[in-house]
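Here, each number is a calculation from the coordinates, and none is a lab measurement. Treat the numbers as computed from the prediction; the structure is a model and nothing was measured. Cβ sites come from the backbone with ideal geometry, for glycine too, and all protein chains shown count toward neighbours.
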Amino acid sequence: MDVFHHILGVPVDTYVSMKQWRVGSCDGVANSDALWEKVHEAVTNRWPLGIGTYHGGYHGISGGHAYSLYDASSDYHGYGRCVRVRNPWGNNKYSGSIRGQSQTVGDFWITWNEFLQNFFFVTIARVHRDYSAPKYWDVTVTNGVATGTGSITMTTDKQFYVQAFWPPSRMTKAAHCPDIHVSGRVTVSRKGVPSSLTTSTISNNVARVDASGAGEWIVSVHFGNLPSSSLPLIAVSAYLPASGATMNEFRSKTAIRRCNDKQSERNCAFWANKGYCQSSSQYYRFMRQNCCGTCSLWTTGAAETTELLTCGTYFNRLTQQLGGSVNPDRVFPETSSSISEGGNCGDKAHGFHKSCSMFNHWQSAIAVADRMSNDLKCFEFRRNGATCDIFNTKCRRHATFFCRIAGCNMVGEVPPRYGWARNPAACCSCSDPSKFL
């Protein structure tokens, strides 16, 4: 959920139930049927979905663990409603109703009832294809207050989203700082139309307003009780259609600016990765003087002194350095071989610890998505009279084959250059994406 909010910057919907989605136990939806409609809508629109399991776990599904969900079928091979989930550990021990699935990869199909028994939350990021990457306003915090106004010009009736967000508890705890409790709101109103006023709802460190309609929209932000010493700003994002929308100037009471590195970007990134930005480091003073930008140091007004905002460092990176295209990424440069070179990675809650080198599979999100969901592209279908040959000739990796055509029930993970010969001729129609799962 935090990743969707702070990395993507798009509107995020979360649905929760601690009683297996029974009527009256759901937050955000009425029941499991309503949840299915939300999931099906997200899959149809190819929106990212994050899901999490109860502690314990049934059918070989790991308890207290995060998964992703990226496909759904109203009737998967006669099992009725089913969803395709992925364990980020890269393997699975699924032992439910749907047999014959590979356990050497992290993704697998489960029935909808199995899903309801195991998963207690669903998070959906509304990444619209015809929208631009979120644009940001920085609302500075002065004496514990962040306030200001801006405007958005819409020449289309499409929906748009305005969000204000601040560090969640996971970030503040990582920086050894107290949680941030904010009071305030974001309001959006169409100029000259008083009845259009919409006030934000606050949930999970995010204040969000959804609005739609052509015209000039006034955005007002006011938050109080903010820890000025550790939180330099409230980030406000606008998620707008790619055409027909303009985000105008925002007026805040004071301005802050990031100071600039004196050393080379490469050197500063190298030293920062070694922890030299931390106030406890013996090189902290040197980094303040020479790599203040990389260390997320800030200067206010015309003052020459800088201050390392320990509790805001992570948030500054998310709102400033990741507010658009990051090239290069100072924290995770392309030359890195692992997120934690030479260290261990895993899930501390479950005692899962492996060398980080095992997870050295750096690829773009697009490449990963293509590999996960476009296995059909790997297969070649050759019609030979009354038979059809199907082989994995177009990919240099294993590809999973599923086809809903009767008599073409070859199911499994197929290595490169392998496949099936002399199948019924009708199986060549499995090349139709609507028949391939």
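Rounded to the nearest 0.05, what FRET efficiency do Ser132 and Asn344 have when you use their Cβ-Cβ distance and R0 = 45 Å? Can you show the working numbers first?
Working: r = 39 Å, r/R0 = 0.87.
For Ser132 and Asn344, the calculated efficiency is 0.70.
Taking only C-alpha pairs under 8 Å that are 6+ residues apart, what is the relative contact order of region 1-132 in percent?
Values: 260 pairs, mean separation 38.5, N = 132.
After rounding, I find 29 percent.
Past 28 Å, Cα to Cα: identify those pairs from Lys38/Lys191; Lys394/Lys435; Lys135/Lys394, in the order given. Walk me through the intermediate numbers first.
Details: Lys38/Lys191 33 Å; Lys394/Lys435 19 Å; Lys135/Lys394 39 Å.
Over 28 Å Cα-Cα: Lys38/Lys191; Lys135/Lys394.
Could you put Thr149, Thr155, Thr172 in order, starting from the residue whose Cβ has the fewest other Cβ atoms within 10 Å? Spell out each step's value before the answer.
Values: Thr149 16, Thr155 12, Thr172 22.
Taking fewest neighbouring Cβ atoms as first place, the list is Thr155, Thr149, Thr172.
Show me, for region 145-160, the HN-Hα J-couplings you get by feeding each phi into the Karplus relation (A = 6.51, B = -1.76, C = 1.60, θ = phi - 60°), rounded to Hz, glycine and proline as x.
After applying 6.51 cos²θ - 1.76 cosθ + 1.60, I find 10, 10, 8, x, 9, x, 8, 10, 9, 10, 10, 10, 8, 5, 6, 9 Hz.
If we count every other residue with Cβ under 9 angstrom of Ala164's Cβ, Lys/Arg +1 and Asp/Glu -1, where does the sum land? Can you show the working numbers first?
Working: positive: Arg185, Arg208; negative: none.
That sum, taken over residues with Cβ under 9 Å, equals +2.
Any chance you could run the full-extension gain for Asp432 through Ser196? It's 0.36 nm times the residue separation minus the Cα-Cα distance, nm to one decimal.
Extra length available between Asp432 and Ser196 comes to 80.3 nm.
Stretched out fully, how many nm does the piece from Lys394 to Asn409 gain, at 0.36 nm a residue minus the Cα gap? Walk me through the numbers on the way to the answer.
Details: separation 15, 0.36 × 15 = 5.40 nm, distance 2.11 nm.
3.3 nm is the gain from fully extending Lys394 to Asn409.
Using the basic label-point model (7 angstrom from Cα toward the beta carbon), what is the Arg382 to Gln289 distance in nanometres?
7.1
Going by amide H atoms built from the backbone, whose H comes under 5 Å of the H on Ala245, apart from near neighbours?
For Ala245, the qualifying residues are Thr155.
At a Förster radius of 41 Å, what calculated FRET efficiency corresponds to the Cβ-Cβ distance of Ile7 and Ala421, to the nearest 0.05?
Values: r = 46 Å, r/R0 = 1.12.
Efficiency, from the Cβ-Cβ distance: 0.35.
Quote to one decimal, in nm, the extra length available between Ser203 and Thr153 on full extension: 0.36 nm per residue of separation minus the C-alpha distance between them.
Value of the extension gain: 15.3 nm.
Sort 55-62, 286-293, 395-402 for me by packing, meaning the mean count of neighbouring Cβ atoms within 10 Å per residue, highest on top.
On the way: 55-62: 15.5, 286-293: 19.4, 395-402: 17.0.
Highest to lowest by the protection proxy: 286-293, 395-402, 55-62.
Once the Cα gyration tensor of region 6-69 is found, what semi-axes does its equivalent ellipsoid get, as square roots of 5 times the eigenvalues, in whole Å, sorted largest first? Walk me through the numbers before you get to the answer.
Numbers: eigenvalues 80, 56, 27 Å².
Its equivalent ellipsoid spans semi-axes of 20, 17, 12 Å.
With +1 on each Lys and Arg Cβ and -1 on each Asp and Glu Cβ, and nothing else charged, work out how big the dipole of region 135-254 is about its Cα centre, in Debye to the nearest 20. Intermediate values should be presented prior to the final figure.
Values: 10 positive and 6 negative charges, 17 e Å.
Approximately 80 debye in magnitude.
Taking the C-alpha atoms of region 131-227, how large are the radius of gyration and the largest Cα-Cα span, Dmax, in Å?
14.7, 46
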